[in-house]
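A short reminder: the numbers here are calculations on the coordinates, not readings from a lab. In this text, all values refer to a predicted model and were calculated from it rather than measured experimentally. All Cβ positions, even for glycine, are placed from backbone atoms using ideal geometry, and neighbour counts span all protein chains on display.
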Amino acid sequence: MLRRYSRSYVALTESACNLAAMRPSVAASSACDSAAKRNNRNHKRRGKTMASVSFQQTKEQQRAKAAWDAVQEVDRKSLDVKKKYRSLVLKLPVMILTNGLGQALAFLKSKGKGDANDAHEIVYAHLQNWLFREIRWTGANQPTLIERICNTTSETYRQATTEALSYLHWLRRFAEAVLPEPEEGEE
């Protein structure tokens with residue numbers, strides 16, 4: 001009973017600290033400091049300090065990390081690839097919503113023609129790597145994403161589409177932030 005009370009007290013105090021961050025005051029600041037000290041004491045009693053407590057990343061954080069790594073990889077490529085990649089990442093979500101994930105992937109593969117340095121192939125590879133990692137595929141023995149999409153259930157297809165759009169949201173944000181804009185008529 002005492003443990004449940006102290007956890008809810010810590011949660012209430014932490015939310016008060018979050019509010020205090022928006023409107024700092026001396027009283028709120030001291031309440032946050034004392035709550036942090038109390039929380040550290042509780043963890044030390046159990047043999048842990050706050051620094052040693054691990055927190056699991058959310059799915060959004062995992063997507064963001066993977067997208068950041070992907071855009072950083074593209075940023076080391078030629079200027080032409082950077083511009084085409086940015087343009088593709090900006091347009092691909094609309095293409096998926098309009099035509100479906102399978103058709104959008106087929107478009108990327110047809111334009112990429114197997115060239116590992118082509119922006120279409122790079123976007124396809126980034127999507128394939130992410131979706132292979134995140135989707136539980138039925139009969140996951142197909143080597144390419146298009147084959148898995150063609151041979152999966154409609155439920156898994158919907159999950160893959162939703163996950164691809166969520167991942168592309170982060171790719172788009174980071175591409176806009178890091179990669180150069182194509183000039184007029186270059187898209």
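Exposure proxy check: W170, W137 ranked by fewest other beta carbons within 10 Å? Please list the in-between numbers first.
Details: W170 22, W137 18.
Starting with the residue having the fewest Cβ neighbours, the order is W137, W170.
Rank these for me by crowding, L90, L131, going from fewest to most other beta carbons within 10 Å. Present the calculation step by step, with values, prior to reporting the outcome.
Numbers: L90 17, L131 21.
In order of increasing Cβ crowding within 10 Å: L90, L131.
Which order do the peptides 105-114, 72-81 come out in when sorted by mean C-beta neighbours inside 10 angstrom, highest first? Spell out each step's value before the answer.
Details: 105-114: 15.8, 72-81: 13.5.
Result, highest mean first: 105-114, 72-81.
Calculate the FRET efficiency for N151 and A116 from the Cβ-Cβ distance with a Förster distance of 35 Å, rounded to the nearest 0.05. Mind showing how you got there, number by number?
On the way: r = 25 Å, r/R0 = 0.71.
That gives a FRET efficiency of 0.90.
Hey, fewest Cβ within 10 Å first, where do K82, K91 land in order? Please list the in-between numbers first.
Numbers: K82 21, K91 13.
By the 10 Å Cβ count, ascending: K91, K82.
If the limit is 25 Å between Cα atoms, which of K59/K113; K91/K113; K83/K109 go over it? Please list the in-between numbers first.
On the way: K59/K113 32 Å; K91/K113 19 Å; K83/K109 18 Å.
From K59/K113; K91/K113; K83/K109, over 25 Å: K59/K113.
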